[in-house]
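Read the structure below first, then the notes.
The values are calculated or read from the model by the stated rules, or taken from the named source; none is laboratory data. The shown structure was predicted, so the numbers you read here are calculated from the model rather than taken from an experiment. Reconstructed Cβ throughout: ideal geometry from the backbone, glycine too, with neighbour counts over all protein chains shown. The accessibility values were calculated without ligands, DNA or RNA, using every heavy atom of the protein model including side chains. Shrake-Rupley method; radii C 1.70, N 1.55, O 1.52, S 1.80 Å.
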Amino acid sequence: MKTAALPSDPVLRQAIVETLAACGVALDAAHLRDNRPLQLQAAITETAWESFLAALQARFRIRIPARERDQLVTLDDVRACLRAHGGGAVGR
């Protein structure tokens, strides 16, 4: 199945931040730094992180292999993962 191309980085970043927020992660999107660990910028519980990963996979129609999940530390990491796996959906 071929998916649509991912949107530009600012739109993709916003979609990632919205997905985090929808999973109950309290954050200030305006102050998030893309290259800094998310855990240092927001209080993310293990349950919220697992919900985020599941929601991200559903939203972008991808599968993130378990071996890669520990490598998702920053917004840059998440964005690179989505691009590497060719996610195509952005809608909710």
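Brief remarks follow.
- Length-normalised contact order for the chain - Cα pairs under 8 Å, 6+ apart - percent: 44
- In degrees, nearest ten, helix 9-22 long axis to first principal axis of the chain (Cα): 60
- Kirkwood-based shape ratio for region 2-47, expressed as Rg/Rh from alpha carbons: 1.02
- Rounded to 10°, Cα long-axis angle of helix 46-60 versus longest principal axis of the chain: 30
- Rounded FRET efficiency, nearest 0.05, which uses the C-beta distance separating ARG61 from ASN35 and R0 of 35 Å: 0.85
- Evaluated with a Cβ-only charge set (Lys, Arg +1; Asp, Glu -1), region 1-84 carries a dipole of roughly 360 debye about its Cα centre, given to the nearest 20.
- In plain terms, the chain from GLU46 to ALA22 could stretch by 7.2 nm, reckoned as 0.36 nm per residue minus the Cα-Cα distance.
- Per residue convex hull volume, Cα atoms of the chain, in Å³: 89
- Computed with a 1.4 Å probe over protein heavy atoms only, the accessible area of ILE62 comes to about 20 Å².
- 222 nm mean residue ellipticity, helices alone, for the chain (DSSP H n ≥ 4; -39,500 (n - 2.57); rounded to 500): -15000 deg cm²/dmol
- The residue list VAL73, LEU38, LEU12 was ranked by how far each Cα lies along the charge dipole of region 11-92 toward its positive end, using unit charges on Cβ atoms, and LEU12 comes out on top.
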